[in-house]
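After the structure tokens below, expect a handful of questions from me.
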Amino acid sequence: QVQLVESGGGLVQPGGSLRLSCAASGSIFSIATMGWYRQAPGKQRELVALMTSGGSTTYADSVKGRFTISRDNAKNTMYLQMNSLEPEDTAVYYCNFRWIRLEYWGQGTQVTVSS
């Protein structure tokens, strides 16, 4: 069992920045593919960014150049640095852990971009 706990969400003005964190329990964090997903009201959950155990990254087109995913395997923690935030980034952001057939989700953290 892997538990994921997100933090760092909140209310920010357009153009502002936030950094999300996802702390994972367990001993296999370093070999898992970790990702951030988001779900806005009335919309399906979508991929924001992911990072493989080897460090390869994938970003949604809508966040390329603004968001950066990273991980600290020594701390079992993944991050999402979000810059130049837009109202369209408003959503609940979820942390995801995948390794072979194991998959876990965090409880989500709300990000609201509004003036």
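The values are calculated or read from the model by the stated rules, or taken from the named source; none is laboratory data. Because the structure is a prediction, the values reported are computed rather than measured. Counting neighbours? That spans all protein chains shown, and the Cβs are built from the backbone with ideal geometry, glycine included. SASA here: full protein model, heavy atoms, side chains in, ligands and nucleic acids out. Shrake-Rupley method; radii C 1.70, N 1.55, O 1.52, S 1.80 Å.
For LEU102, all conditions in the list (1) buried (at least 19 other Cβ atoms within 10 Å of the Cβ); (2) of a type outside the set (Gly, Ala, Ser); (3) closer than 22 Å to SER25 by Cα hold save one; what is the number of the exception?
Here LEU102 meets the rest and fails (1).
May I ask you to verify whether ASP89 is within 29 Å of GLN13 (Cβ to Cβ) and free of Cβ contacts under 8 Å to residues at least 24 places away in the same chain?
For ASP89, the condition - within 29 Å of GLN13 (Cβ to Cβ) and free of Cβ contacts under 8 Å to residues at least 24 places away in the same chain - is not met.
Against the conditions (1) at pLDDT 95 or above; (2) farther than 21 Å from GLN1 by Cβ; (3) open to solvent by 40 Å² or more (accessible area, probe 1.4 Å), where does ALA74 fall short? Just the number, please.
Here ALA74 meets the rest and fails (1).
Continuing with this model, one more query. Where residues in the stretch 38-59 are within 14 Å of the chain's Cα centre (by Cα) and open to solvent by 40 Å² or more (accessible area, probe 1.4 Å), which of them is farthest from PRO87 (Cα to Cα)?
THR52
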